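Laboratory data are not the source of any read-out in this text; all were calculated from the coordinates shown. Please read all numbers here as calculations on a predicted model, not as lab measurements. Positions of Cβ are generated from backbone atoms using ideal geometry, with glycine treated the same way; all protein chains shown enter the neighbour counts.
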Amino acid sequence: MTAKMSLKEAMTTSISEVLETMFFMSLEFDYTGNMKECIEASDESLMATRLDFNGPLKGWFNFAIPDSIIHTFAENFMGIEKDQVTAEFKEGTIKELTNMIAGNTFSCLDPESVYNLGIPEVVDIAETVESGSDASGEVFILVETIDGSLALKGVFSK
Amino acid sequence: MAVNILIVDDSMPMRAVIIKTIRASGYGAATYFQAENGQDALVQLRDNWLDLVVTDYNMPDMNGLDLIKEMKKDDVLSAIPVIVVTTEGSQKKIEEFMEQGAAGYVKKPFTPELIRKKLAEILGEMSDDSEDEFEGGDDDLDF
């Protein structure tokens, strides 16, 4: 339980640092719910990613974000106009967002340990509801921004 | 002073962000080259005269650490400073980058100020209008 709380705190801190530093957003967090509920509640299409990792803990992160929000993120991130955002830019932005949040989570959790991060990949939104084995712990965070909500899930095991 | 800078990152948006940040740091006169991974970077390094490499660590085909190792094997490329910009935050990894010859390290997420500071350490302070500034005026120019 203690480890899970640390993971939740590390993920929360990481999301704050990444979105506030590089996307200039203020955020609020909600730890209730899960990815399935989040998907069902969304009234627009969602983009999703997965990033695997191993180290003292192994598992993966899923990130789900409404298409309109990733469009805005890509505009802000790359400093381009709305009509210049392409599907490639959106995919690149959500992958980099996932990469930064995952890497920063482990820096926050334990800067002394080495974690190997995989390459982030875009996945079908339905894959994000996958759970780990019985021995896995799962942390779900709903992140509220001024533009809407996005969700991050971490599945961890030893 | 115009400099040639190679940005190595498999994320195209991140390459764009790094270029935008470096430009905003007063290096607007620089020429930017781009590569998607270490292998691609080595080709660029052998085809162009470059003054600085800014590389990610975690990339497919060849990561940033292997790129630095390959550069150190080459007499010419080994003299080019490399800044690692990455999400890798463990002390061991940072030490490994520096031991292998990285000139500097910036952790993502980064602020423009952090990038500017690191560039200033390595390339020296400069600004977009630096070419117009001669402290001694025309009298000191010897043709």
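Listing for the model above:
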read-out: Alpha carbon convex hull of region B:3-127, projected area averaged over orientations, nm²; value: 6.7 nm²
read-out: Those lysines that a straight Cα-Cα span of less than 19 Å connects to A:Lys58, excepting residues fewer than 8 apart in one chain; value: A:Lys4, A:Lys8, A:Lys153, A:Lys158, B:Lys92, B:Lys93
read-out: Pairs of Cα atoms farther than 35 Å apart, the protein assembly as shown, %; value: 23 percent
read-out: Whole-number Å³ per residue for the convex hull built on Cα positions in region B:23-89; value: 97 Å³
read-out: Leading residue at positive end of dipole, region B:28-84 (Cβ point charges), from B:Ser78, B:Tyr57, B:Gln34; value: B:Ser78
read-out: Alpha carbon convex hull of chain A, volume per residue in cubic angstrom; value: 107 Å³
read-out: Mean Cα-pair separation over length for region B:1-115, i.e. relative contact order, pairs under 8 Å, 6 or more apart, %; value: 25 percent
read-out: Centroid-to-centroid separation of region A:1-63 and region B:1-50 [C-alpha atoms, Å]; value: 31 Å
read-out: Mean Cβ neighbour count within 10 Å, used as a protection proxy, ranking B:23-30, A:126-133, B:34-41 highest first; value: B:34-41, B:23-30, A:126-133
read-out: Residue-wise HN-Hα coupling along region A:60-77, computed from phi with Karplus coefficients 6.51, -1.76, 1.60 (Hz; x: Gly, Pro); value: 7, 10, 10, 10, 10, 8, x, 4, 5, 6, 5, 4, 5, 4, 4, 4, 5, 5
read-out: For the protein assembly as shown, size of Cβ-based charge dipole, Lys and Arg +1, Asp and Glu -1, in debye; value: 1320 debye
